[in-house]
Structures are given as structure tokens and as C-alpha cells.
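Undergrad: Supplied in C-alpha cells, the structure appears directly below.
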Amino acid sequence: MMFTRMNNNRRMPQHSPSLTHEQIPDWDNIDCVFLDMDGTLLDLKYDNRVWNELVPEAFARHSGRPLADAKADLQAHMHEIHGTIEYYSFEYWSAFTGVDLIAEHHQAVDLLAYRPGALDFLRWLKASHCRSVIATNAHRSSIAVKDQKIQISAEVDAVVSSQDYHAPKEADEFWQAMLADYPYDPERCIFVDDNVPVLNAAARNNIGSVYAIATPDSLQPSRTELGFPTFDHFADICPSLNVARTN
Ligand SMILES: [Mg+2]
């Protein structure tokens, strides 16, 4: 067997920036960055494995039904309440399925991973004048599982869960409540998310710069025409990151 020695001087693949020069934030005029967690900072392959595979399997075991039936039942109900605060609630889905959701989340933690450039960007933000705030629909129990494995909360100045405000990020009430707690001029704030209805809510509430993620789940195809400036690597909104691109 022949081994190829790694050449550390090899040129990294060329990366084509996805934003125009005008779409890159003027960081001198930004005070606060609100960031979604799942599918934005973290690869959505983790949550998709938990919710599309592990939870339906556990629901089928618990209810003694065939997997296909349990999965169809769960997905139909998820579709029905999509975008509501219950949709993001562990208590709600624990009651519906009888499944220990925290245990199912722990089973997949080896899939937890930052998206390209995300951790470097969080560390750049920490050293900058900008406040960094995770603004997530994830339940506090989901955040706790992620913190046990990768300590993401420690990488930002604050973490807001929509459960705290009893309103999902899709709703204006969420933005009003969060901007009351973080009273920055919304025009001098940035928001990044992978969910278009949430991005629409942020834009409706006058957040100055709103960005979409093209590929929330690295195992799924990229998306285009999301209606907002879209990127995958965080160096695209923060050129001074100057990190090695591997994708
Ligand atoms: Mg997300």
C-alpha cells in the first residue's frame, strides 16, 4: 500500500466568495450579531439525525407500532404545528411521543460539528467590539446537550431561546422581546439564520443586515434564491478571518 505524504504547502482550493462587496458588513458600524444555532453555527446533520431517525425509531418502539406508521404520524403532526412555539418544545414532543428526547439527543452527539468558519467567527467576534448573541428556537434542553459536548454557549456573550419569550423566532413578539433585552439600534445589528420565515421576521423587525445559510446540513444539497444574501463560509461575511478553506 502506498501512502501519500501530506504537503502542508499545497494550495487550498480556490473559494469563490458568495457575497458582493456591498453585501459584506461594515464591521465598524455593527454593534451586535444575532446568530441562529442549528443549521447556522452548527451542522444541521445532527438535529436531522435525531428528529428524522432516532426520535421516530424510539416513538415506534415506545408505541409498539411499525416504524413507517410512527414516523408518518410524527411527521404529519410536525407539519401541522410547524413554526409554532410548541414545535420547538421538548415538553410538547415528550408528551406526544412518550420518548426521552434528551436521551435520544445524547445518542447522536458525535455528529455535533461547527459549520465552516463558524467557530473562528465566534472567536473573532469575542475579541471584537461587537456583542455576540445566539438567538435560537432550540429548547434549553437541546442547548444543554450541545454544551455538554462542544460548550457552544461559552463561545458567545449570551444565548436567547425563543422558549424564554414563549414566542418563536417566526413571530414579531420574539423580536420585540429580544430587542427589549438587547436594546441595540436594530439597524446596527446583523442576523444569520437558515430558516426563511425567521429571516423574514428579522427583516420585518428592521434588523439592518440579514443573511441566509445556503447549506445548513452538510449531507444535503445547497439551496439558492432564498431572498436574502446567502453564504456558507463565515469568512464571506468576515473577510479578516483569513481561515484556511477546506470546502
Ligand atoms: Mg436553524
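The values are calculated or read from the model by the stated rules, or taken from the named source; none is laboratory data. A quick note: this is a predicted structure, and the numbers were derived from the prediction, not measured. Every residue, glycine as well, gets a Cβ built from its backbone with ideal geometry; the counts of neighbours run over all protein chains shown.
Undergrad: Looking at (1) in a helix (DSSP H, G or I); (2) touching a strand residue (DSSP E or B) at 6+ places or on another chain (Cβ under 8 Å), find the lone condition where A135 falls short.
TA: Every listed condition holds for A135 apart from (1).
Undergrad: Also, quick follow-up: Quick check on my filter: what residues within the stretch 206-244 are within 16 Å of P25 (Cα to Cα) and either part of a helix (DSSP H, G or I) or without any contact (Cβ under 8 Å) to a residue 12 or more places away in the chain (or both)?
TA: Scanning the stretch 206-244 gives F234, A235, D236, P239, S240, L241, N242.
Undergrad: Considering only residues that are β-branched (V, I, T), more than 15 Å from the ligand (Cβ to nearest atom), over 15 Å from L35 (Cα atoms) and surrounded by 14 or more Cβ atoms within 10 Å (Cβ to Cβ), which ones fall in the stretch 199-246?
TA: V243
Undergrad: Now a separate question. Say whether the condition of being over 25 Å from D120 (Cα atoms) and either part of a strand (DSSP E or B) or at pLDDT 95 or above (or both) is met by at least one residue in the stretch 143-160.
TA: no
Undergrad: Separate question: Could you list, ordered by first residue, the pairs with Cβ atoms under 9 Å in which the first is in the stretch 82-109 and under 19 Å from A72 (Cβ atoms) and the second is basic (K, R), at least 6 apart or interchain?
TA: Close Cβ pairs satisfying both conditions: V99/R61.
Undergrad: Using beta carbons and a limit of 6 Å, which pairs, at least six apart or on different chains, have the first residue in the stretch 54-80 and closer than 23 Å to H106 by Cα and the second one assigned to a helix (DSSP H, G or I) and of a type in the set (S, T, Y)?
TA: Here the result reads F59/T97; A70/S63, each pair linking the stretch 54-80 to a residue that is assigned to a helix (DSSP H, G or I) and of a type in the set (S, T, Y).
Undergrad: Could you check the stretch 26-62 and list, in sequence order, the residues that are acidic (D, E) and under 20 Å from V145 (Cβ atoms)?
TA: If the condition is that a residue be acidic (D, E) and under 20 Å from V145 (Cβ atoms), then D36, D38, D43, D47, E53, E57 are the ones that fit.
Undergrad: Which of (1) hydrophobic (A, V, I, L, M, F, W, C); (2) crowded, with 17+ Cβ neighbours inside 10 Å; (3) free of Cβ contacts under 8 Å to residues at least 40 places away in the same chain; (4) within 15 Å of the ligand (Cβ to nearest atom) does V196 not meet, given it meets every other one?
TA: Result: V196 fails condition (2) only.
Undergrad: Just a yes or no: is a residue in the stretch 167-179 within 14 Å of the chain's Cα centre (by Cα), assigned to a loop (DSSP other than H, G, I, E, B), more than 13 Å from D36 (Cα to Cα) and more than 16 Å from the ligand (Cβ to nearest atom)?
TA: For the stretch 167-179, residues within 14 Å of the chain's Cα centre (by Cα), assigned to a loop (DSSP other than H, G, I, E, B), more than 13 Å from D36 (Cα to Cα) and more than 16 Å from the ligand (Cβ to nearest atom): absent.
Undergrad: Here's a check for you: in the stretch 13-55, which residue that is of a type in the set (D, E) and within 16 Å of the ligand (Cβ to nearest atom) is nearest to the chain's Cα centre (by Cα)?
TA: The selected residue is D38.
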